[in-house]
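The values are calculated or read from the model by the stated rules, or taken from the named source; none is laboratory data. Since this is a predicted model, take the numbers as computed values, not measurements. In this analysis, Cβ positions are derived from the backbone assuming ideal geometry, glycine residues included, and neighbour counts consider all displayed protein chains. Ligands, DNA and RNA are excluded from the accessible area calculation, which covers all protein heavy atoms including side chains. Shrake-Rupley method; radii C 1.70, N 1.55, O 1.52, S 1.80 Å.
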Amino acid sequence: MKRGNRKNTVHDVLKRAGRNVKLSMCVMGLGQMLYGQIGKGLCYFAVLVMAVIYFVHRGFKDLAGLFTLGTQEADTWLGIEGDNSVVMLLMGILSAIAVLFLVYCYLSNIKDAYETQKLCERGGRPMGFREELKQFLDRKFYKTVLLLPILGVCVFNILPIVFMILIAFTNYGGSTVPPKLVDWVGIDNFVQVATLSQFAPTFIRILGWNLMWALISTAVNYFAGLGLALLLNKDCVKGKAFWRAFPMLAYAVPGFITLLGFKFMFSYGGPVNQIITGMGHRAVGFLDIDAKWMARIIGFTINAWISVPSIMLLATGILSNRDASQMESAKIDGASAFQQFRHITLPFVLFSTTPVLISQFIGNFNNFGIFFFLRGGLYIDGYFLASDTDLLINWLYNLSINNNYYNVGATISLVIFIITSLISLLIYTNSTSYREEDTFR
Amino acid sequence: MKKIGSMILAGILIVGMMSGCGGTGTEQSAPETVDGDAKEIGADAAELKGIYSGELERGVTIRVLENDTAISEGYFQELIDAFNEKYAEYGIVAVDANMDQYSNLADDGPYGYGPDVLYQANDVLMKYVEGKHIYPIPAQSMSCYDMIPQAAWDAYRADVDGTEYIMGVPVNIQSSMLFYRKDMLPDNWETEWDKNGNQIPDMAESWNDMYRYSKEIVDRGEGKFGYMRSLYDVYFSSGFLFSYGGYVFGDNNTDATDIGFAAGDAAVGANVILQQAELMNEDCIDDSVTVSAYSKLADGTYFATMTTPDVTSLFLRELTNVYEKEGLSAEEAEKKAEENLVVTQVPKLPASGDLTEENPELIPLKTMGGVNGYAISAYTKAPNACLAFVEFATDYEMVMKRHEYLGIVPARSDAAQAAGGISEIIYRNLDQGDIVIMPSIREIEQVWTPAQTFFQDLAKDAFRTTDKKYTSIDLIKEGLESVDQQIYDAIHTLAGGQ
């Protein structure tokens, strides 16, 4: 490896740093300016100035607020504005992100100055500001295009996730909501979830059903979608375009409308029961309090109704890339239709769709709507504030939104997050998509 | 300057009071006040001087969160137009807050997004008290104070830091009424079904007679029913428990550690529901009856149901349609519908809880009710202007307009008296304590699902062929105790660390 490509270690930098690099260590951008890179130096300096203004103006206060979560309770009647713990938590996270950003800029400033020093030592000429900017449209173009998405991810994904994780370590919920002050409680919520006598049995029951639901519904949707795609791929099927468009109607209707429609269909006064009673039989409680397995099966079916079309479309696209000669050879070699499916089609489709399969699994694991709309508003004996069709996400809703325990909700969210992440990682790292990435290239 | 402003405001309030007195129409003499000897409740204007200076803020805009129906029916526009005209000289303008009627002030208010004035049910408004999200009202100094019964004010009474406050101004009382078809009464009802000869059919006066008549209808085997109702609905079913000693929370619905669905002989009341379910079909288990009651009462499948009076127009519309299909003109159909749809107070219950008992001792059915009213956001920049708006919206004239537009039951005695009919009945029931106002504490939110599950289970039991769960009063009581426990768990178990 060439010496020039070796990564700079902290030790190297500290040992070999020249005057300009040391100045950059003291004041961001100063070293660059002394190397004649005025524009870049000013940018670094501007970051420093803005950081100082931000931290003096509110950053330090926000950072301190992250630890205290407020000291003065608000009282609107007395005109005391007080502290809003939740806002303080949020602003505290933002200030922590600002600190990290500043540290990143600071290190980047030192690294840049050190690289320039090395360049000068090799007899090179430091790049001008314009040249440097041009790089962002050329060699460093990836940085330009990634800037906005990264910012978006930070604000809309990372910030809420960090916020939710931190809520799990507070007492935010119940009667402790702003204007009352929220406090840090360490791992008390996790201890409570694990040790509360009513809680653990419900958690285990719901988790078991949730895993079963996610596995079965993913498999049903996947194979039904694939089956439909294979069927509509057959030469003998007439009017393929029409039949392919038909399931899309189910997909196009908003999910909750479909669910409310099915709820009505299976209610006591709905059309299904009207047919049954019209035939002289007693009405069936498809979704009522006693309908545990009946309601679960209806849930599987309706979920398939909603999800199968998307899988069918996906599989149709993938099947169009199938190697026809391979299928022809297999047929000549005497492979049965099932053998062709088992050994050629399935591995081919599975290879391409494993990531989709994982996202389907996660989506089904966290499928809030199905049982919320079909059978919400029931607490069944033996379950703590839940029913026998509730998934963890529904239970989470009951606890956090219906019952206001945001902290317990966040704790369970974290547990769900860990479970789904582990399962996803396990499936993905063991899949051919991951292990044999080049197979179908 | 402040003194002058205060005098102007005082003058306006006096004029408002006088207009409230004088605007009752030609047939109305000076309005009668209620509870003449009732003690004054809540902090008075002097105690709330820190909030309401008495000086109207000038050039302010008040965002008012109103009920969706009031907006769609045009009442709200009329209200704000009248208010804006009256307060134009102060530059005060009331506008539609343009928010979801169920938006949460506690979430929006602190960040400046909430409304300044809110119109909602007492249980919704009172959940804002704990965080002081709404301001107390100087009720005693308002013109409507003496016109509204104590029970309605009680729905807005709160103890904060050891002082009692009134947090909202009652406008409208909600409760259950019996709806039945007069033309479906037996031909001989005046001789056979009017024991006391008061020209009111017995089935509208006693649940035992309603049960007997429902059985008669069902036994005809024509697929028709007598009394029908979705029994899972806590709002309508819990009254049967209250009538026999049950309650939601102890200490006048303020103590959330004492949950009383199983208290007293509430199980006897639950057994009444079970007996009623036996004469219904499975539609009573879920919301099927609620959804289809309008059309099925109109087409004669149901004889009677129980619901709130604000949906009377929907029943009338359906019944009119049926009559029109039968060949009557629109005008005749409407007239006939109004004649045949009777909305009256709910029947009385047997003290024994046995619907088959002949000549039982009767007790009143206590129904769950609510009091909708106005409250003022604690995040408003113009509390005095908001108070003036509330004063304006709760005066006699506007409340009567609200009644005309929306068919509400006024909380004001003078308006209820002038409105007559259902309004008078509900007003009287509230005054007599036969309407149990929904608790005004935050914990009420945790009551609905456990109670709803129980009522659904109870209704389902009537149709279980094997493994019936509620075969005795003791077993029903156990079920109710389990409801109490679930509610307790929902409120307190996870609050351990709070």
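May I ask you to verify whether B:Ser175 is within 14 Å of the chain's Cα centre (by Cα) and either closer than 21 Å to B:Ala70 by Cα or away from chain A (no Cβ under 14 Å) (or both)? Yes. Checked against the criterion of being of a type in the set (S, T, N, Q), away from chain B (no Cβ under 12 Å) and in contact with a helix residue (DSSP H, G or I) (Cβ under 8 Å, 6 or more places away or on another chain), the candidates A:Asn189, A:Asn221, A:Asn171 yield just one match: A:Asn221.
Which is modelled with pLDDT of 95 or more and either out of contact with any Leu (no Cβ under 7 Å at 6 or more places or on another chain) or not assigned by TED's automatic domain parsing to the domain that holds B:Asp209 (or both), of B:Phe303, B:Phe315? So that I can check it myself, show each step before the final result.
Working: B:Phe315 fails: modelled with pLDDT of 95 or more.
Answer to the check: B:Phe303.
Considering region B:125-172, the residues that are open to solvent by 20 Å² or more (accessible area, probe 1.4 Å) and part of a strand (DSSP E or B) include one that is farthest from the other protein chains (Cβ to nearest Cβ), namely B:Arg157. Applying a threshold of 9 Å to beta carbon distances and a minimum spacing of six or more residues, or different chains, the list of pairs starting in region A:201-227 at a residue that is closer than 19 Å to A:Trp293 by Cα and in the same structural domain as A:Leu392 (by TED's automatic domain parsing) and ending at one that is surrounded by fewer than 16 Cβ atoms within 10 Å (Cβ to Cβ) and of a type in the set (Ser, Thr, Tyr) reads A:Val220/A:Thr301. Does B:Tyr111 satisfy the criteria of being open to solvent by 10 Å² or more (accessible area, probe 1.4 Å) and either aromatic (Phe, Trp, Tyr) or not assigned by TED's automatic domain parsing to the domain that holds B:Phe389 (or both)? Yes; evaluated as a whole, the condition is true for this residue. Against the condition within 19 Å of the chain's Cα centre (by Cα), modelled with pLDDT of 90 or more and of a type in the set (A, V, I, L, M), how does B:Ala121 come out, does it pass? Here the answer is yes, as B:Ala121 does meet what is asked. Once region B:376-435 is narrowed to residues that are more than 21 Å from B:Met126 (Cβ to Cβ) and assigned to a loop (DSSP other than H, G, I, E, B), the residue that is most open to solvent (accessible area, probe 1.4 Å) is B:Lys381. Can you tell me which residue is most open to solvent (accessible area, probe 1.4 Å) among those in region B:449-472 that are facing another protein chain (nearest Cβ under 8 Å) and under 25 Å from the mean Cα position of the chain (by Cα)? Among those residues, the one meeting the criterion is B:Gln452. Pairs are defined by a Cβ separation below 6 Å, a sequence spacing of at least 6 or placement on different chains, a first member in region A:154-174 that is within 16 Å of A:Trp184 (Cβ to Cβ), and a second member that is surrounded by fewer than 21 Cβ atoms within 10 Å (Cβ to Cβ) and among the charged types (D, E, K, R); the pairs so defined are A:Asn171/A:Asp183. For region B:176-189, indicate whether the set of residues that are within 20 Å of B:Phe249 (Cα to Cα) and at pLDDT 90 or above is non-empty. Checked against the condition, which is being within 20 Å of B:Phe249 (Cα to Cα) and at pLDDT 90 or above, region B:176-189 yields no hits at all.
Report those strands (runs of 3 or more DSSP E) wholly inside region B:220-326 carrying at least 2 residues which are touching a residue at least 12 places away in the same chain (Cβ under 8 Å) and touching a His at 6+ places or on another chain (Cβ under 9 Å). Show your work before the answer.
Details: elements: B:225-228, B:255-259, B:302-307.
Per the criteria, B:255-259.
Selection of helices (runs of 4 or more DSSP H) fully inside region A:56-150 by the criterion of at least 3 residues being buried (at least 18 other Cβ atoms within 10 Å of the Cβ), of a type in the set (D, E, K, R) and in the same structural domain as A:Gly39 (by TED's automatic domain parsing) returns nothing. Apart from one condition, B:Glu443 fits all of (1) more than 11 Å from chain A (Cβ to nearest Cβ); (2) closer than 28 Å to A:Ala200 by Cβ; the exception is (1).
The set of residues from region B:347-365 being part of a loop (DSSP other than H, G, I, E, B) and open to solvent by less than 20 Å² (accessible area, probe 1.4 Å) comprises B:Pro347, B:Gly353, B:Leu355, B:Leu365.
Apart from one condition, A:Ser325 fits all of (1) within 14 Å of chain B (Cβ to nearest Cβ); (2) free of Cβ contacts under 8 Å to residues at least 24 places away in the same chain; (3) outside any loop (DSSP other than H, G, I, E, B); (4) open to solvent by 20 Å² or more (accessible area, probe 1.4 Å); the exception is (1). Once region A:375-428 is narrowed to residues that are among the aliphatic types (A, V, I, L, M), over 16 Å from the mean Cα position of the chain (by Cα) and within 14 Å of chain B (Cβ to nearest Cβ), the residue that is most open to solvent (accessible area, probe 1.4 Å) is A:Ile401.
Okay, residues lined up against (1) in contact (Cβ under 8 Å) with a residue 40 or more places away in the chain; (2) over 26 Å from the mean Cα position of the chain (by Cα):
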| site | (1), (2) |
| --- | --- |
| A:Ala229 | yes, yes |
| A:Trp243 | no, yes |
| A:Phe246 | no, yes |
| A:Tyr251 | yes, no |
| A:Lys263 | yes, yes |
| A:Met312 | yes, no |
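Residue count for region A:278-294 satisfying the condition of being at the interface with another protein chain (Cβ under 8 Å from one of its Cβ atoms), open to solvent by 40 Å² or more (accessible area, probe 1.4 Å) and of a type in the set (Val, Ile, Thr): 0.
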